[in-house]
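Remarks on the structure that follows.
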Amino acid sequence: MTTIAVTGSVVHRHRAERGVVHLSLVAEGTDREAVVAEAESLHAQVSEQATGHRRQGAATWWSAQDVTVGPVAPPVRWDADGTSSTPDPDLPARFRARSVVVVRFSDFAALSAWVSELARVDGVSVDALEWSLGHDSRAEAERAARVAAVADAVTRAGDYAEALGLSQPVLVAVFEPGLRPGAAGGAATFGLARAAMSPAGGGGGFDLAPADIEVHAELSADFTA
């Protein structure tokens with residue numbers, strides 16, 4: 001009896017169903033009270049808009065979980081040769097307030113329009129756009145990938161058995177990545193995609209072109225024949 005050890009793998013690609021925008025809201029200045037007030041106003045404005053998108057159904061979820069307030073690194077005065085510096089007593093201390101808002105959209109047209117609007121607001125930075133499948137679609141896509149990876153392993157084992165003149169192989173064991181004794185850990189089976197972002201030709205927001213979502217599945221299996 002011969003042991004046949006094979007891998008099975010698959011990569012399925014799906015169109016993105018959700019777009020997540022990561023925003024930083026920043027205010028900076030020499031008056032701490034004024035900086036905090038400006039940051040609070042900006043945060044309230046963006047949060048209100050995010051809530052509106054959620055209520056209208058364009059967004060499925062949003063969060064505002066991070067706020068930092070504190071002094072900026074003190075201004076310095078460089079020596080004439082530019083090799084060293086010391087705090088500059090003639091320049092006032094500066095303060096910065098920053099908050100983070102994250103919104104997940106299912107309506108990509110609304111996402112594009114909002115990103116374009118926010119790009120023109122002082123103090124707002126669009127840090128990243130990420131794309132993914134919806135919760136239910138992701139679970140189904142991962143299941144389909146696992147099934148396809150098993151089928152790939154069975155086909156490989158059958159090909160080897162046929163080439164060697166052996167009988168139909170019989171499955172002995174299946175291992176997910178990292179679970180085979182002595183094997184290293186494996187990578188995650190699901191990934192996010194980022195989008196290219198460029199101004200739309202008609203001035204109606206950014207043209208968003210999310211890459212397909214890749215769902216990976218990989219396993220190893222032992223057969224006898």
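Results, tabulated for the structure shown:
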{"item": "Sorted by Cβ density within 10 Å, fewest first, the residues 179, 111, 166", "result": "179, 166, 111"}
{"item": "Isotropic mean projected area of the C-alpha convex hull, segment 19-131 (nm²)", "result": "8.9"}
{"item": "Calculated diffusion of the chain, Stokes-Einstein form, Kirkwood radius summed over Cα pairs, 20 °C and 1.002 mPa s, µm²/s", "result": "97"}
{"item": "Helix 135-163 vs. the chain, principal-axis angle (Cα, 0 to 90°, nearest 10)", "result": "30"}
{"item": "Förster radius 35 Å - calculated FRET efficiency between residue 174 and residue 61 (Cβ-Cβ, nearest 0.05)", "result": "0.50"}
{"item": "Under-5 Å amide H pairs with residue 58, H placed in peptide plane, nonlocal only", "result": "none"}
{"item": "Label point distance in nm, residue 147-residue 72, each placed 7 Å from Cα along Cα→Cβ", "result": "5.7"}
{"item": "Other-chain or far-sequence residues with amide H under 5 Å of residue 128's (modelled H)", "result": "22"}
{"item": "Difference of contour (0.36 nm per residue) and Cα-Cα distance, residue 32 to residue 122", "result": "30.6 nm"}
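Here, each number is a calculation from the coordinates, and none is a lab measurement. All of these numbers come straight from a predicted model, not from anything done at the bench. Neighbour counts are summed over all protein chains in view; Cβ atoms, including those assigned to glycine, are modelled from backbone coordinates with ideal geometry.
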